[in-house]
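The values are calculated or read from the model by the stated rules, or taken from the named source; none is laboratory data. Every value quoted in this text rests on a predicted model; they were computed, and no experiment measured them. Positions of Cβ are backbone-derived with ideal geometry, glycine not excepted, and every protein chain shown enters the neighbour counts. For the accessible areas, the whole protein counts, side chains as well, though only heavy atoms, and no ligand, DNA or RNA atoms are used. Shrake-Rupley method; radii C 1.70, N 1.55, O 1.52, S 1.80 Å.
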Amino acid sequence: MEAVLFSSLYRSYWKTLCQKLRANFGEGPPDPEDITQQAFIKYRQQAASKNIENPQGYLYTLAKNLYIDQYRSQNRYDGLICLLYTSDAADDL
């Protein structure tokens with residue numbers, strides 16, 4: 001029965017969640033569709049051990065937090081790459 005409920009939630013809320021992420025955070029990176037997929041995966045994992053009373057709100061919170069985490073991670077990576085290239089260029093002088 002859980003699979004049926006999850007499938008129904010997925011079909012009815014996938015597009016809305018992608019649209020909310022796009023409206024709040026833009027086109028990416030990270031892509032709203034990727035974040036939505038990750039949120040549904042995490043929801044499925046956590047729903048087995050938690051009583052989630054508001055699935056839509058819970059999914060949105062998961063997606064928002066995943067988006068922020070990936071954005072921060074990407075910024076750290078971009079900063080590191082920039083630092084490495086800047087260091088390499090300074091060493092060449």
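Summary table below
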quantity: Computed [θ] at 222 nm, deg cm²/dmol, the chain (DSSP H ≥ 4; -39,500 (n - 2.57); rounded to nearest 500); calculated: -30000 deg cm²/dmol
quantity: Orientation-averaged projected area, Cα convex hull of the chain (nm²); calculated: 7.3
quantity: Accessible surface of Thr16 - all protein chains present, 1.4 Å probe, nearest 10 Å²; calculated: 50
quantity: Accessible surface of the chain [probe 1.4 Å, protein heavy atoms]: carbon and sulfur percent; calculated: 53
quantity: For the chain, with +1 on Lys and Arg beta carbons and -1 on Asp and Glu, the positive-most of Tyr58, Gln19, Ile81 along the dipole; calculated: Tyr58
quantity: Computed magnitude of the charge dipole of the chain (debye, nearest 20; Cβ of K, R +1, Cβ of D, E -1); calculated: 700
quantity: Accessible surface, per residue, of the chain when the full set of protein chains is kept, probe 1.4 Å, Å²; calculated: 71
